[in-house]
Amino acid sequence: MIHHDWTYAEVREILDRPFHDLLADAHRVHNDRFDPNEIEGASLVSIKTGGCSEDCAYCPQSARYQTGLETRALLSTEEIVAAARDAKAVGATRFCMGAAWRSPTDKQVDAVAAAVREVAALELQTCATLGMLTPAQAAALATAGLDYYNHNLDTSPEFYGEVITTRTYDDRLATLANVRAAGVSLCCGGIVGMGESRKDRAGLLRQLATMDPHPESVPINLLVQVPGTPLEDMEPLDGLELVRTVAAARLLMPHSVVRLSAGRESMSDELQTLCLHAGANSIFLGEKLLTTPNAGPNHDQQLLEKLGVRLTREPVLHR
Ligand code: SAM
Ligand code: DTB
Ligand code: SF4
């Protein structure tokens, strides 16, 4: 049964279970719904880089922090399509276009919509993450054939103000509602390792799991600690807390594809494997996330081979 009425206490009880019980429960649900030997490969390209007006404390692309990042204007449709072809060549089935905007102008949305049309023609699933959207902008992207929109809640409503002050949690919820209303699937998750407590991880998971329907994709990012950002010296999160978060996401949102998203570069193969065992069934492929290094295709291929895990277009739901 899929529930959308999770209470904080229920979510917290799941996160607090003895580790082996939590892992076994999550793997059972994962195995019932999906083939654990199949994962989705997604690919990211930064279509507009840096110079962002927002103050997200984790982000190398904020203009407020000296991260040494080279800014870049919006790529042309041709450049985006070339990146999409490269993504397809490494086995990606979803192509996500990310832009460092607070919210795009209508003209910028039109330019991205033109690229979406061409990427969709390559038979890649399309995703974009462009910041806050109006209902009309979401509808324009839907018309262009956008399959998914990524917009993260990032953390619990209570911890949110410690990380971002330039837009509110409610702003994010409004964009999510606009995207849903346009008929585009949601990719929505958060970041762990920003100094939040287990209470906040439970708060984030509760927000996600009380959406109806649940987001189709749930990215769980481990903070990438980028020099120059306010979170650069954060004490790294205990890996087992990441596994708990993934396992709880799997139990709370059994039909969603859970992506072990940013941060795999700093994880051991064993930690990544525990996350896949706990129910993660999507990763980003390729050398780069948006601006920071990713695990890389050679290493990923070796790991997937060792595990006997295949890349698949869409992890199959058994029931
Ligand atoms: N500018 C748009 C926005 O913020 O909505 C879209 C791009 S933004 C880079 C997309 C997401 O990337 C953020 O919401 C955040 O969850 C994630 N992210 C950014 N920097 C990160 C970091 N250093 N570590 C982990 N995740 C990060
Ligand atoms: C998401 O949840 N993670 C991706 C994607 N959505 C856009 C972004 C990760 C960014 C990591 C930092 C960087 O490379 O700039
Ligand atoms: Fe800008 Fe998005 Fe980075 Fe926030 S996460 S600073 S909105 S690019």
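Okay, here's what the table says:
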| read-out | value |
| --- | --- |
| Per residue accessible area of the chain, 1.4 Å probe, in Å² | 41 Å² |
| The chain - Cys residues lacking any other Cys C-beta under 4.7 Å | Cys52, Cys187, Cys188, Cys275 |
| Whole-Å distance, taken between Cα centres, linking region 144-164 and region 219-283 | 16 Å |
| About the Cα centre, charge dipole magnitude for region 8-307 (Lys/Arg +1, Asp/Glu -1 at Cβ), debye | 460 debye |
| Heavy-atom SASA rank of Thr155, Thr105, Thr166 (probe 1.4 Å, accessible area, largest first) | Thr105, Thr166, Thr155 |
| Segment Asp16-Arg72, length gained on full extension (0.36 nm per residue, minus Cα span) | 15.8 nm |
| Note, ³J(HN,Hα) from phi for region 58-74, Karplus 6.51, -1.76, 1.60, rounded to Hz, x at Gly and Pro | 8, 9, x, 9, 6, 5, 7, 10, 8, 10, x, 6, 7, 7, 8, 5, 4 |
| Leading residue at positive end of dipole, the chain (Cβ point charges), from Val258, Met97, Leu304 | Met97 |
| Residue-wise HN-Hα coupling along region 237-254, computed from phi with Karplus coefficients 6.51, -1.76, 1.60 (Hz; x: Gly, Pro) | 6, 4, x, 5, 5, 5, 4, 4, 5, 4, 4, 5, 4, 4, 6, 7, 10, x |
| Per DSSP, loop GluC sites (Glu not before Pro) in region 62-155 with at most 11 further Cβ within 10 Å | Glu70, Glu123 |
| Gap separating the Cα centres of region 200-214 and region 3-37, nearest whole Å | 13 Å |
| Ile191 accessible area, assembled protein chains, probe 1.4 Å, Å² | 20 Å² |
| The chain pair-distance distribution - Cα-Cα, 10 Å bins, rounded % | 6, 28, 38, 24, 4, 0 |
| Accessible-area composition of the chain, carbon plus sulfur, in percent [1.4 Å probe] | 51 percent |
| 3J(HN,Hα) from dihedral phi, region 123-129, Karplus parametrisation 6.51/-1.76/1.60, rounded to Hz, x for glycine, proline | 6, 9, 5, 9, 9, 9, 9 |
| Interchain or long-range residues, amide H under 5 Å from Phe284's placed H | Ala42 |
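The values are calculated or read from the model by the stated rules, or taken from the named source; none is laboratory data. Treat the numbers as computed from the prediction; the structure is a model and nothing was measured. Backbone-built Cβ (ideal geometry, glycine too); neighbour counts: all protein chains shown. With ligands, DNA and RNA removed, areas are computed over all heavy atoms of the protein, side chains included. Shrake-Rupley method; radii C 1.70, N 1.55, O 1.52, S 1.80 Å.
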